[in-house]
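The values are calculated or read from the model by the stated rules, or taken from the named source; none is laboratory data. These figures come from a predicted structure and were not determined experimentally. Ligands, DNA and RNA are stripped out before the accessible areas are found, and what is left, the full protein with its side chains, is counted by its heavy atoms. Shrake-Rupley method; radii C 1.70, N 1.55, O 1.52, S 1.80 Å.
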Amino acid sequence: RSYPGRARSAIGSGDARAYEMGVLLFGAYASYLFAELVDLSGITALFFAGIFHSHYAHANVSRVTRESMHVSLGTAAHCCETFVFAYLGLQIATWKQHQVDLGFLLSALPICMLARAVNIYPLSLMINTRRHTHKRITGNMQHMLWLAGLRGAVA
């Protein structure tokens, strides 16, 4: 019997949302565990599990479960990314014996910017030859893509 203000259990109530979320999360984690068990790449297993779930499971779960998974995993991803950036920032701030080689820094930054430009502009030109006029990558977007690469490999 259900009382006002009391949360109902998903068990036996016909509400399968909790089970759907559990099966999706367990499926991804099980693929990771199995890959690690047989000495394969767990990251690659998660990648392919994500593709599999996106193609097959996404259409077979309820709309509410899809929205709940999207919000829950988006929140978890944001928290993990914040942790990684905070951790890296604290490591740099507390590193006692670091030495900055100014020559290396002044030569590496322009080389990285040049390498990024050599990739962004020709690839954008190739993409723009195959796209309709209203979907082309504008010059401002190309500059933004070039400068966005300076954010680093952590992202």
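The residue list Leu123, Leu109, Leu105, Leu147 contains one member that is open to solvent by 70 Å² or more (accessible area, probe 1.4 Å), among the aliphatic types (A, V, I, L, M) and either modelled with pLDDT of 90 or more or within 30 Å of Leu25 (Cα to Cα) (or both), which is Leu123. How about the stretch 39-73: which of its residues are basic (Lys, Arg) and open to solvent by 100 Å² or more (accessible area, probe 1.4 Å)? Scanning the stretch 39-73 gives a single hit, Arg63. Among the residues making up the stretch 1-60, those that are charged (D, E, K, R) and modelled with pLDDT of 85 or more are Glu20, Glu36, Asp39.
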